[in-house]
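The values are calculated or read from the model by the stated rules, or taken from the named source; none is laboratory data. As the structure is a computational prediction, the values presented were derived from the model and not from experiment. Note that each Cβ is placed from the backbone with ideal geometry, even for glycine, and that neighbours are counted across all protein chains shown.
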Amino acid sequence: MNNAMRMSKAMKVHIRQLDRQSRKHRRQAAELLLENPELWPAMEIARAVINTLLSPNRVCLCAFDEKDTVVGLVGGLPDYDGIVWELHPLVVKKANRGHGIGRKLVKALEKEASSRGALTIILGTDDLNGSTSLSNVDLYDNTGGRIANIVCRKRHSYEFYLKCGYTIIGVIPDANGIGKPDILMGKSVIKKPRTQLTALDGGKFEKGREAKKGR
């Protein structure tokens with residue numbers, strides 16, 4: 001790895017909530033969305049998304065470079081009385097991709113959601129162009145098997161989320177048109193270790209300690 005690449009990889013960013021009062025940063029955040037016209041084709045749509053993320057009980061975290069310019073953002077939307085949060089959207093400025101900014105934003109949202117009582121983070125990652133083996137097939141047939149044996153044919157964001165600790169937990173067939181599914185992923189952000197469960201006769205489960213006492 002050459003020195004230029006090391007410097008690039010070491011790009012410093014700081015992450016904080018998007019300030020509703022900062023018109024400059026709100027505009028920069030909307031412009032980030034516009035770099036993905038297949039999802040946000042107009043400034044009015046991008047601004048509406050940012051305004052939604054700035055609503056009460058929602059989160060819009062931005063990554064700022066050393067010049068205080070927005071170079072990435074992640075949104076968090078609570079559901080199920082705040083126990084489950086949806087990660088949406090996640091965007092990094094094209095010129096700054098590949099430097100770990102996306103992972104930092106994901107971790108920051110997980111920490112923020114957990115501090116507000118979240119147990120689970122979920123997200124959807126669409127397959128619009130046949131990037132995975134879940135596209136253009138009957139997902140009502142052998143759904144679990146198809147998910148378990150997913151193959152990435154082209155670059156797809158689900159691989160990024162796998163590296164961030166997320167798991168495919170389901171799929172919505174034809175969510176974006178025939179043969180274009182939404183791949184659902186999730187991750188636990190429970191602070192305390194899970195209580196170990198022990199299998200009993202009849203397929204029921206009870207806490208490990210209690211099971212040991214009864215034997």
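Quick notes
- Restricting Gly145, Gly130, Gly124 to those that are on the phi > 0 side of the Ramachandran plot, modelled with pLDDT of 95 or more and out of contact with any Pro (no Cβ under 7 Å at 6 or more places or on another chain) reduces the list to Gly130.
- Tyr140 more than 30 Å from Thr69 (Cα to Cα) and of a type in the set (Phe, Trp, Tyr): yes
- 3 or more residues more than 23 Å from Asn51 (Cα to Cα) and either among the aliphatic types (A, V, I, L, M) or over 13 Å from the mean Cα position of the chain (by Cα) (or both): qualifying strands (runs of 3 or more DSSP E) within segment 74-172: 167-172
- Figure legend. Inter-residue proximity from segment 100-125: first residues over 11 Å from Glu86 (Cα atoms), second residues in a helix (DSSP H, G or I) and not aliphatic (A, V, I, L, M), beta-carbon distance below 6 Å, spacing 6+ or different chains. Indicated pairs: Gly117/Gly82; Thr125/Ser157; Thr125/Tyr158.
- So Asn57, is it farther than 20 Å from Ala108 by Cα, within 20 Å of the chain's Cα centre (by Cα) and modelled with pLDDT under 95: no
- Filter result for Lys192 (modelled with pLDDT under 95, basic (Lys, Arg) and surrounded by fewer than 18 Cβ atoms within 10 Å (Cβ to Cβ)): yes
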